[in-house]
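Working notes, structure below.
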Amino acid sequence: MSRAAAHLPTPPERIVHLGLGAFHRAHEAWYTARASDADRWGIVAFTGRSRDLAERLDPQDGLYTLVERGADADRFEVVPSIVRVEAGDDVAAFVAAVADPQIAILTLTITEAGYRLAADGTPDLADPDVASDLELLRVALAAGPSDGSDAVTANAAPVTALGRILLALDARRRAGAGPIALVSCDNLPDNGGLLQRAVADLAGRASPDLAAWLAQSVSVVSTSVDRITPAIDVDAESANVREATGWRDAAPVVTEPFADWVLSGRFPAGRPDWESAGARFVDDLEPWENRKLWMLNGAHTVLAAVGQTRGHALVSSAIDDPVCIRIVEALWDDDARQLPGLDLAPYRASLLERFRNPRIEHRLAQIAQDSTTKVRLRIVPVALDERDAGRTADGCATALAAWMLGVGRGVVPAPVGIDPTAVGSLDASARRALLCALDERLAADELFATRVAAAISALGASGTPASLPLLNHETHGTSPT
Ligand code: CS2
C-alpha cells in the first residue's frame with residue numbers, strides 16, 4: 001500500500017492528533033477523509049506511546065484499510081487522511097508539529113484515564129507523574145524565550161499527555177503560530193470543559209504567560225464520539241483484507257457500520273467540513289453526550305462485569321443472556337429518567353442491534369480495562385442524580401452490584417489501592433470500600449448501600465443462568481419509562 005501506487009495525493013498537514021489507535025482511525029480520520037474538503041486537511045498522528053503502529057503505518061504512507069463489519073458482510077475502504085505517523089514518545093516531534101503555524105487543530109484520544117484527573121475532575125496532583133511533569137514544566141517554561149523552544153524541548157520530556165500538550169502549546173505561543181482548537185474525542189462528560197479546566201489549572205501552576213495565552217488563543221471544543229471499534233488480531237485481519245481486496249495492509253481497522261460525531265465549540269484557525277461527512281455541530285452537547293456515555297458506554301461497562309462473571313467473552317453473546325439484558329435495561333430505565341425530552345425508544349433499540357452484531361468480536365475483557373474510572377463517569381452520576389430526585393436508583397444499584405461481583409471474582413480490575421482478594425467476600429466492609437472508591441457521597445447513602453447489597457445477593461445467588469432474580473424489577477422492553 002502506498003500513495004503513489006494508489007494514486008492518492010497527500011493533503012497538507014493541518015491537524016495534529018495525539019493517541020493514534022484503532023478508534024481514531026475508524027472515527028475522526030475517516031470523517032476527515034470523507035469531508036468535502038478532504039484534500040486540504042491532512043493529519044499528523046502520534047501514537048499513545050508505543051512505536052508498533054507507527055512502524056506498521058509509516059511504510060504504507062499512513063494509509064490503511066477500514067473494514068466496516070456489518071451483520072452480513074464486510075465493506076473495505078482505504079482511508080488517506082493520515083499523512084504522517086509518529087511515535088508518541090517522540091516529544092520533540094510532537095512539540096514541533098503543534099508549533100507549526102499551518103496546524104489549526106490538535107485532537108486527542110488519550111482514554112479517560114489518560115487525563116489523570118482526580119475524582120473532583122481537577123488534575124490529580126497526587127499522581128507522581130503529574131507532579132513531576134508539573135515540576136518539569138515549571139523549570140522548562142520559565143527558561144524564557146532567550147533559550148528558544150529547541151532548548152526547552154531538549155531538556156524536558158513530560159510523560160503525561162497533558163504535560164506534553166502544555167509543552168507543545170507553549171512552543172506554539174513562543175513561535176507566534178497563532179490560535180488553535182484543542183478537541184477532546186474521549187468518552188468523558190463535558191470533555192472539552194474538563195480539558196479546558198485541566199490545562200488552565202496546570203498552566204496556571206507552571207507559567208502565567210502560558211496561562212494567559214491559553215485563555216486568549218486556545219479554543220477547547222467538546223465532542224461526543226461513537227463507533228464501536230474492537231481490538232483485533234491484526235495479522236488475521238491483514239490476511240482477510242488481502243484475500244478480499246488484494247491489498248497488502250499491515251494495519252487494518254475493523255469497525256461497525258454505525259458512526260456518530262457531535263461537536264460543540266469554535267475553531268479559530270478553521271476546520272474540515274466535517275458536516276459534509278455526517279458530523280453534527282450543536283450549541284448544547286450535554287443531552288447527546290450523556291445519552292451516549294450513560295447508555296452505550298454504561299451498558300458496556302455493566303456487560304463487561306456481569307457478562308464475564310457469567311462466562312461470556314463477547315458483547316454479542318452477553319447481550320443475549322437474559323440476566324445481562326435485564327440489568328442493562330434496568331440501568332437504561334434510570335438513565336431515561338435523567339434524559340427527559342429525548343425519544344429513547346429508537347436509541348435503545350439501535351443499541352441492542354449494534355451490541356448484537358454477531359460479526360463484531362468486541363471482547364468484554366477489553367471494555368473492562370480502566371473499569372473504575374469508567375464506572376465513575378458512566379453510572380455514578382446517574383445514581384447520584386436519581387437519589388437526589390428522591391428515587392431508589394435500583395437500575396444503578398444493580399449495575400454497581402454487577403461491577404462489584406466482577407471485581408470480587410477478579411474479571412474486572414479492582415480500584416487502585418484496593419486489594420482484590422480483600423474485597424472478594426463482598427461483605428459489608430468490602431462493599432463500603434468499593435463504593436468509597438467510586439464516590440464518597442454514594443458510599444454515605446445508606447439506602448443506596450442497602451439496595452446494592454440486596455442486588456449482590458440476588459445476582460450472586462443466580463450462579464446459573466436458570467434463576468434470575470432482579471431487585472424489585474420487572475422485565476422491560478426497549479421503550480423508556
Ligand atoms: C467502550 C467504548 O471500551 C469501552 O469502554 O465502551 O470503547 C465504546 O465501544 C465506544 O465508546 C463506542 O463509541
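A simple packing score, the average count of other Cβ atoms within 10 Å per residue, orders the peptides 336-345, 54-63, 303-312, 90-99 as 303-312, 90-99, 54-63, 336-345, with the highest score first. Computed 3J(HN,Hα) for the stretch 377-382, one whole-Hz value per residue from the Karplus formula 6.51 cos²θ - 1.76 cosθ + 1.60 where θ = phi - 60°, is 8, 9, 10, 4, x, 5, glycine and proline marked x. The slack between Ala71 and Asp37, meaning 0.36 nm per residue of separation minus the straight C-alpha distance, is 9.1 nm.
For the stretch 85-101, putting each phi into the Karplus relation 6.51 cos²θ - 1.76 cosθ + 1.60 with θ = phi - 60° gives couplings of 10, 10, 6, x, 7, 8, 5, 4, 5, 5, 4, 5, 5, 5, 7, 6, x Hz, in residue order, rounded to whole numbers and with x for Gly and Pro. Rolling a 1.4 Å probe across the protein heavy atoms gives the stretch 247-303 an accessible surface of 35 Å² per residue. Amide H contacts of Ala45: His17, Val83, Arg84, Val85, Glu86, each under 5 Å away and 5 or more positions distant or on a separate chain (H built 1.01 Å from N in the peptide plane; Pro and chain starts excluded).
Hey, any idea what % of the stretch 3-283's accessible area is carbon plus sulfur with a 1.4 Å probe? It is 50 percent, rounded to a whole number.
Full extension of the chain between Val139 and Asp90 gives 15.6 nm of extra length, using 0.36 nm per residue less the Cα-Cα distance. Note on the stretch 287-467: with neighbouring protein chains present and a 1.4 Å probe, carbon and sulfur make up 53 percent of its accessible heavy-atom surface. Estimated from helices alone, the mean residue ellipticity of the chain at 222 nm is -13000 deg cm²/dmol (sum of -39500 (n - 2.57) over DSSP H runs with n ≥ 4, per residue). Each Lys and Arg contributes +1 and each Asp and Glu -1, all at the Cβ; summed about the Cα centre of the chain, the dipole is approximately 100 debye. Antiparallel beta bridges, as assigned by DSSP with both residues in the stretch 41-190, represent about 45 percent of the total such bridges. Computed 3J(HN,Hα) for the stretch 161-172, one whole-Hz value per residue from the Karplus formula 6.51 cos²θ - 1.76 cosθ + 1.60 where θ = phi - 60°, is 4, 5, x, 5, 5, 5, 4, 5, 5, 5, 5, 5, glycine and proline marked x.
The values are calculated or read from the model by the stated rules, or taken from the named source; none is laboratory data. Computed from a predicted model, the values in this text were never measured in an experiment. Methodologically, a virtual Cβ is constructed for each residue, glycine included, from the backbone with ideal geometry; neighbour enumeration extends over all protein chains shown. Remember, those area values only see protein heavy atoms, side chains included, never the ligands or the DNA or RNA. Shrake-Rupley method; radii C 1.70, N 1.55, O 1.52, S 1.80 Å.
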